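Following: one structure in structure tokens, then a few remarks.
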Amino acid sequence: MENNVTLAGRVALVTGGSRGIGRGIAVALASAGAAVAVNYRSREVEAADTVAEIERAGGMAILVQADVSVRVEVAAMAARVAAELGPIDVLVNNAGIATVRGLDDITEEDFDQTLAINLKSAFLSIQAVAPAMRERGWGRIVNISSVAARGPGSVGVHYNASKAGLEGLTRGYAAHLAADGITVNAIAPGLVDTEMAAPLKEAGVADRIPVGRIGTPDDIGRAVLLAISNGFLTGQTVAVNGGGSFL
């Protein structure tokens, strides 16, 4: 993948980087020169494939296992990345779940789990890496939201709430960290060709996208690089949906 962004000498952590959008982001960051820590919770084989893809292209990457909804695991993850690669300069909060539920079928467990993995994990990860970023006077944080944060979505209101909360978290941290040289932005993908989006793809949603196709993980990776490259961009949510906002 060609790009004009250089992250040589930088260390990046991508949560949920084993597959789909997370893999696309990890590969994009590595292509820009960053050493990348690929976080996974349970899908080690796929995470290892992501690392192998980066290494084949001449990049540097490591695997780091952690449930990012658990504070002690997040702290251990951040410490391991710093020990093996160096201080974390770029954090991409991508870990998430999308458990499809009808309005009357959502359980309290569904709601709590979705908020923990999609929203609380970002809070914990930012809390773990921001102090060192502030000490160095530079950092880039990108949260992966969704068009569901500002629209009806198709997963369920629990998912909508988690992603809307993530965008609020983005703006709050952006306001408080800007003076320390840290930008915080969100990317809100539309339909992207991943395992998670397969049911929507099969339902023909792609036929209604103005650009005539669904997105790819590479599209989102490029958007993340765009957000990272601009030090004057912070507190923003960038919709990457092929013109879906026009519908």
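On average, how much area does the Cα convex hull of the chain cover when viewed from any direction, in nm²? Present the calculation step by step, with values, prior to reporting the outcome.
Numbers: hull surface 50.6 nm².
Projected area, direction-averaged: 12.6 nm².
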Using alpha carbons only, how many degrees (0 to 90, rounded to 10) separate the axis of helix 44-56 from the longest principal axis of the chain? 60 degrees
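Placing +1 at every Lys and Arg Cβ and -1 at every Asp and Glu Cβ, with all other atoms neutral, what dipole size does segment 11-241 have around its Cα centre, in debye to the nearest 20?
Working: 19 positive and 24 negative charges, 126 e Å.
It works out to roughly 600 debye.
Per DSSP H run of at least 4 residues, take -39500 (n - 2.57); add these up for the chain, divide by its residues and hand me the 222 nm value, nearest 500 deg cm²/dmol. Please report the intermediate quantities before stating the final value.
Working: 8 runs with 102 residues, N = 247.
Taking each H run of at least 4 residues, the total per residue is -13000 deg cm²/dmol.
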Any idea what angle helix 157-177 forms with the longest principal axis of the chain, computed on alpha-carbon atoms, 0 to 90 degrees, nearest 10? 30 degrees
Given 72, 154, 60, which one lies farthest toward the positive end of the charge dipole of the chain, if we put +1 on the Cβ of every Lys and Arg and -1 on the Cβ of every Asp and Glu? 60
Based on other C-beta atoms within 10 Å, arrange 126, 228 from fewest to most. 126, 228
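Determine the gain in length on full extension of the stretch residue 175-residue 53; use 0.36 nm per residue of separation and subtract their C-alpha separation, reporting nm with one decimal.
Going from the current span to full extension adds 40.3 nm.
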Sorted by average packing, counted as other Cβ atoms within 10 angstrom per residue and highest first, what order do 32-43, 109-120, 13-24 take? 13-24, 32-43, 109-120
Once the Cα atoms of helix 71-84 and of the chain are each reduced to a long axis, what angle between those two axes, in degrees from 0 to 90 to the nearest 10, is obtained? 50 degrees
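Taking a quarter of the surface of the Cα convex hull of segment 51-181, what do you get in nm²? Please list the in-between numbers first.
On the way: hull surface 36.7 nm².
The orientation-averaged projected area of the Cα hull of segment 51-181 comes to 9.2 nm².
Stretch residue 43-residue 150 to full length: gain in nm at 0.36 nm per residue minus the Cα-Cα span?
Stretched fully, the residue 43-residue 150 segment lengthens by 35.5 nm.
Laboratory data are not the source of any read-out in this text; all were calculated from the coordinates shown. Everything quoted here is computed from the prediction, not taken from an experiment. Backbone-built Cβ (ideal geometry, glycine too); neighbour counts: all protein chains shown.
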